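Undergrad: The structure that follows is given in the form of structure tokens.
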Amino acid sequence: MGQTFAKEYKESITLAYYCINTFLTILGFAAGTIYLWYRDRRDQERRAKEDREHQERQRREQENRERQDRRDEEERRDHLRREWRQFTEGIFTDYSSLKRNQILENILKVKKNFDKFPIHSEVTGLDVLRYWLADDHYQNVSIESPQLRALRKDLHTIYRSLSSCSSLIHSGEVPKNTKEELRGVVEELGNAAKPFLTGDKLEVALTCLKHFGGGKPYAGPERKVPDKPHILHIVPYVNSLKLVNDARREPNQSDFSTPIAPIGTKDYSQCTKFSLTMMWFDEEHFPLRELHHILEMEEYRTYHTCIKEFKAQQVKSPQNLTDPIVSKDSHKEVVAKVLHEIRYIHYL
């Protein structure tokens, strides 16, 4: 009977088999698709959660870093404020001492005395002072006068304050209240020392003046300051010169000795010239030696007499001076040029 039923419904059974198989296949595919979709969604949610947690950790870490940076910055500012406060106290102490001892006033006098003091048409007395002071080892040279040694020491006191100021400026922004408090002091110290400084030391002074409002309005091109090799080339006897007080002959000094200040005198504010000891001993050069001394003493009242006297020595014609005299030269400039020529001859 079963065989009869199978034969009779063979096609129906086959159709039912294929339908059921197809249905199960479709059902399996749908179930797999739904599972994969669910798994992907679950993974996406998990990754999104992990991303949110990672971002949250990063945000907290960033906030912690920012808080730490703010604390570090505040500590740095507090430290810098303390440094500025200590510097302010120190510079006011030094400034009071400089003012009390009239050191700033004396330095300005030296600058005024030698700024226009002619050594050569290209070299002033201030250039010579700057040349000497630029060499820290020059203080060991025996020819250095007490006046120059005292000037070097006082300028070093000022530079020490300016150097500390420059270092603090490079450490960070200057506190506004400190800038207002120190403006006048730093400006006065910087302007007092600047004419005597060169190289890195000059840059230190300019940095301080720039940050404390010490810059002056532009007033045309400044004179080019000759460097050390140029000065040594033009004034080869520069290291034989000596900074002294106003030259005057003491009762026990010979007629041709170099006028000197009393032993131990360190007051450079009264210095207005340089002296040079003439080492000639032969009779041929005695007249030049005497003329040199008279020129140092500035006893010539007219440049005509000065030229005439020099020409009488028949060493060189004034028209052939290493620094020629021109019609517009003042009496002081003519005397300086003849004095330079005698010293140049002496050096040779």
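Computed from the coordinates by the stated procedures, all read-outs in this text should not be read as laboratory data. Model, not experiment: these values are computed from the prediction.
Undergrad: Residue 245's amide H: which non-local residues (gap 5+, or another chain) put their own amide H closer than 5 Å, with H modeled 1.01 Å from N in plane and none for Pro or chain starts?
TA: Under 5 Å from the amide H of residue 245: 261.
Undergrad: Explain nothing, just compute: Karplus ³J(HN,Hα) = 6.51 cos²θ - 1.76 cosθ + 1.60, θ = phi - 60°, for every residue of the range 117-131 in order, whole Hz, x for Gly and Pro.
TA: Coupling constants for the range 117-131: 6, x, 9, 8, 4, 10, 9, 9, x, 5, 4, 5, 4, 5, 4 Hz.
Undergrad: What list of ³J(HN,Hα) values in whole Hz, one per residue of the range 183-200 in order, does the Karplus curve 6.51 cos²θ - 1.76 cosθ + 1.60 (θ = phi - 60°) give from phi, with Gly and Pro shown as x?
TA: These are the phi-based 3J(HN,Hα) values: 3, x, 5, 5, 4, 5, 5, x, 5, 6, 8, 3, x, 9, 9, 9, x, 4 Hz.
Undergrad: Using the Kirkwood formula on the Cα atoms of the range 54-112, what hydrodynamic radius do you get, in angstrom to one decimal? Display every interim value, and only then the final one.
TA: On the way: mean 1/r = 0.0655 Å⁻¹.
For the range 54-112, inverting the mean 1/r across all distinct Cα pairs yields 15.3 Å.
Undergrad: How large is the translational diffusion coefficient of the range 95-208 in µm² per second when you combine the Kirkwood radius over alpha carbon pairs with Stokes-Einstein at 37 °C and 0.692 mPa s?
TA: 218
Undergrad: While we're here: Return the Cα extents of the range 1-104 along principal axes one, two and three, sorted largest first, each rounded to a whole Å.
TA: Computed over the Cα atoms, the extents are 140, 19, 9 Å.
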